[in-house]
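Working notes for the structure below.
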Amino acid sequence: MPQPDRIVRIRTVLDRTGLSRSTLYRTIADGSFPPEVKLGEHSSGWRESAIDRWIDNPSAYRGAMANRAKRVGIEKPA
């Protein structure tokens, strides 16, 4: 049985990625970083597996998300 994906909080994400808080949220907004997972009204986190994939190859994350959006018919306006 596979282990469930761990949820990590922002301090861990910032420490592991080396990004600043503002850069983190800017990259989320432009689609080049994994989105947050809402944990409650005032809390959120990130799936550790998604952060690990981003750390392994940050430039590939944007390409994978763009290809996925095309497959399901979601296109960002230019």
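Read the figures in this text as sums done on the coordinates, not as results from a lab. Everything numeric here is computed off the predicted structure, so don't read it as measured data. Note: ideal-geometry Cβ built from the backbone for every residue, glycine included; neighbour counts use all protein chains shown.
Pairs linking a residue in segment 1-27 that is exposed (fewer than 15 other Cβ atoms within 10 Å of the Cβ) to a residue that is among the β-branched types (Val, Ile, Thr) and assigned to a helix (DSSP H, G or I), with Cβ atoms under 8 Å and 6 or more positions apart or on different chains, are Arg21/Ile10. In segment 31-53, the qualifying residues are those that are among the acidic types (Asp, Glu) and in a loop (DSSP other than H, G, I, E, B), and the one that is farthest from Arg9 (Cα to Cα) is Glu41.
Per this entry, Arg53 is counted among residues that are surrounded by 15 or more Cβ atoms within 10 Å (Cβ to Cβ) and free of Cβ contacts under 8 Å to residues at least 40 places away in the same chain. When segment 45-62 is filtered for residues that are within 10 Å of the chain's Cα centre (by Cα) and hydroxyl-bearing (Ser, Thr, Tyr), the ones remaining, listed by number, are Ser49, Tyr61. The residue that is surrounded by the most Cβ atoms within 10 Å (Cβ to Cβ), among those in segment 30-44 that are small (Gly, Ala, Ser) and under 10 Å from the mean Cα position of the chain (by Cα), is Ser32.
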